[in-house]
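No lab work stands behind these numbers, since they all come straight from the coordinates. Note that this is a predicted model, so its numbers are computed, not measured. Virtual Cβ from ideal backbone geometry, glycine too; neighbours counted across all protein chains shown.
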Amino acid sequence: MFRQGDQNYIMRWLKPNLRSSIYGLLGNPVEPTESILENGTEDIRESMLIVLGETGPKHFPQVTRRIRYASDIQALWYLRGDLMGALAAIHGEMAAREKVSSITRQFQGLLPNGLNSRPSPLVG
């Protein structure tokens, strides 16, 4: 069937091409470079862990673990809800909303357009 080298080549080819396809389908004409995406992902991961502080990992180890081991930028995007819940329990909803909002801004230019936040009619 396939040799080990063939499988590695196919996986290296598939990963960027699959991501390009996803960006194309979701309407983002300009895909960030691999290094920008990687650096942005790590910066966001670090920001999420920092806002959890020392209390977060003690009371919400599962959220901390999911953030720490999230595989890509989209996984971190979807973890904002879990982060919001943990922060609201620790600091209250208003403080949590502010912290998550500042992290959400960091995703600018790293996500396909279909995943970007839209302004809420409820926030004014």
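Figures for the structure shown
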| quantity | calculated |
| --- | --- |
| Residues Asp82, Asp72 arranged by fewest to most Cβ contacts within 10 Å | Asp72, Asp82 |
| Sorted by Cβ neighbour density within 10 Å, fewest at the top, the residues Val63, Val100 | Val100, Val63 |
| Cβ-based exposure ranking for Ser71, Ser47, Ser102, in which fewest neighbours within 10 Å come first | Ser71, Ser102, Ser47 |
| Extension reserve of the Thr33-Ala95 stretch, reckoned as 0.36 nm per residue once the Cα distance is removed | 19.0 nm |
| Virtual paramagnetic centre 7 Å along Cα→Cβ of Thr55, amide N under 19 Å, in the stretch 73-88 | 81-88 |
| Dipole magnitude of the stretch 33-115, debye to nearest 20 (Cβ charges: Lys/Arg +1, Asp/Glu -1, about Cα centre) | 280 |
